[in-house]
Structures are given as structure tokens and as C-alpha cells.
């Protein structure tokens, strides 16, 4: 027995069925499923869908700041410093106790603060580089941040635009799309009306409207980014630091064991033996190493942020610095992304400056008219 469609909640109509492949579904069925049309959505409906689907962005795992601060007290080298603090308290060397404890806390505070500042610089850069989209709402073209896009929105794509979400092309001429960020293919793909374009790709030729069918983590790019975030690997830098810490721990334990054994065989006082063990433990600890490592990478991240380079993980700086050979199959991802203008070809006795000025004025006027939704 088939259940009546009328008994289904209204909100479910606007929720795409994950079992359906929305990038190949016929356009009329896609519009019906998304409860949209080439005229776009109303602002009220878009606001409701934004609450339902969430922002059009990839969620980042944010660490609790308190847990992040406490993590600076965990590890081979912090363990050695903490053991030295305990031994200082046991033997009653209170000046050493407070000095070592101060160094331990200073390491954590400096490292946490520098990494926090680097994170702020990167966050500011991300907000500066945020993309805006041309969206039709209530029959008018507006340019909200791309994070406010929802399935069912109608967007306008043109030369140089970064596709803000997965969308299906509406009626119009075919466009060329650079999908190298997703597929690695250096040549642009020709996409015709009805075909899908994916978030993160770039329009290289043409202009067309498109119907958004997936946003945020549900996009092709978002699913790929989720796989990257769930992959946890230990970097060469972390392995090297862990190896150094383990080596110092084993060396200190071996020497302390030797001292205790000799002291017991000679009948030395226990307090004197503990003092020797304390001196040896403190001498074996590179107290400043955690701070130097954290601060160096954090400062590097802040300097890179000023050059508009986003560092997602601080250890990536050391990893890149340790590269001996870098191979690439194309130059598109290695350029400085700066355009240069050659010598203009002039006719009718026009100067090169006048040609450039006319071209700039014509392009700017055309851009403003298209954003406003006016015909040329």
C-alpha cells in the first residue's frame, strides 16, 4: 500500500534525497525536488534553508583552548621537566623547584600564545579572501557571501569566477571550466547547459546562470576535504621531536639507574643520591626546545599569512622546508597569479594608454550592468 504524499512533512520536499544523483537528474525533476526555478528563491525561503542546511562552508575542527594549553604539558620533554619539578620538591630544593616550574609554564604560555596569534592571522586572511556570489533573490540580483548560499539558489557565473557551490547549468551558451583543483587536469572542460559544475572550479570562458543543488560539506569538494581532515598522520618533524625526547628519557633513566645502583652499593645517603639524580635529570632536559620549536613555526605562519598564504597546520612549515625535490606536472599551480599586459595593438592613431583606458571602462561598465541584472 502506498502512503499518500500529503502526509509527508513539507520541509522534506526541499531536502534532496541522498540516494538521487542530483548532478545527473533531469532539470525539471531537479527543480521540483529543490522546489526552485530559474527565478530563484525568496529571501525568506533562503533564510529558512540556511538554518536547515547550514552555511555553505567546510566546518573546521576547533580545539578547546584549555585542552590546547594543557597539551603543552604532555609529551616526552614536558614529562622530563615535570619529573625534575617533582624531584626538586621531594629533596626540598625550592629555588630549583620554582625556577623549573616557571620554565615549564613559560614554555606552555609562549607556545600557546604564538600559535593562537598565528591562528588569528590565518583566520583574518581567510575572511579577507572570502568569496561573494551573485544570487537571484526575490527576482533581484544581490551579492551576499558565498557561505549564505543554499540548495535551490540561482547564481550567475562568468569569466574568472570561482564556483561557490555544486550547481547545474541553466539555459545559455556552454562555458569552459577549470577543474584542475579537483581533478588535476590542466585543460579546461567544456560544460553545456544541464551539466554540473563543482565548487572550487573556475570559469575560464563564458557566462551562464546555474541552479545550486549542494552546498558545504555535501559538495564534491567538501566531501574530499572531509577525507583529508579525517586522515591523521605523524609528520617528519613530530617524529624527529619524539625521537629526541625518547632518546633523552632513556639516557636519563639509564644514568639515574646507574647512579642509584652505585650509591646503594656504597651506602650513600638517599637524600644525597636524589640530589645527584635531580642534577642529572635537569641537565638532560632541553628546557627551551619546546618553546623555540613552537615559536619558530608560529612566527613563520604569521609571516606567510602576511603574504596571503594559509597554513592549516604549523608542522607543515617544517615539512615543506625539508623538501629536497618538488615535481609538478604543470605550471598553473606554481605561478605568482599576477597578470601582465603586453604591447597593445592600436589602430586609427589611438595611443596605447587610450586603448587600455577604453578597455577598462568598457569592462567595468559591463560588469556593473550584469550584476544589476540589466541587459546590454
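The values are calculated or read from the model by the stated rules, or taken from the named source; none is laboratory data. This one's a predicted model, so the numbers in the text were calculated from it and none came from an experiment. Please note: Cβ atoms are built from the backbone with ideal geometry, for glycine as well, and neighbour counts cover all protein chains shown.
Below are the figures for this structure:
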quantity	calculated
Test result for residue 310, at pLDDT below 75 and under 30 Å from residue 113 (Cβ atoms)	yes
Boolean, residue 304 is at pLDDT 75 or above, within 17 Å of the chain's Cα centre (by Cα) and surrounded by 10 or more Cβ atoms within 10 Å (Cβ to Cβ)	yes
Subset of the stretch 24-67 [closer than 24 Å to residue 221 by Cα, within 22 Å of the chain's Cα centre (by Cα) and assigned to a loop (DSSP other than H, G, I, E, B)]	54, 55, 56, 57, 58, 59, 60, 61, 62, 63
Residue in the stretch 203-215 that is modelled with pLDDT under 85 and part of a loop (DSSP other than H, G, I, E, B) present	no
Where residue 81 falls short, out of the listed (1) buried (at least 16 other Cβ atoms within 10 Å of the Cβ); (2) part of a loop (DSSP other than H, G, I, E, B); (3) modelled with pLDDT under 80	(2)
Residue, surrounded by the fewest Cβ atoms within 10 Å (Cβ to Cβ), within the stretch 182-194, restricted to residues that are free of Cβ contacts under 8 Å to residues at least 60 places away in the same chain and in contact with a strand residue (DSSP E or B) (Cβ under 8 Å, 6 or more places away or on another chain)	192
Exclusive hit being surrounded by fewer than 16 Cβ atoms within 10 Å (Cβ to Cβ) and in contact with a strand residue (DSSP E or B) (Cβ under 8 Å, 6 or more places away or on another chain), set 178, 161, 173, 166	173
Matching residues in the stretch 247-273 - criterion: being closer than 17 Å to residue 90 by Cα, in contact (Cβ under 8 Å) with a residue 12 or more places away in the chain and surrounded by fewer than 16 Cβ atoms within 10 Å (Cβ to Cβ)	271
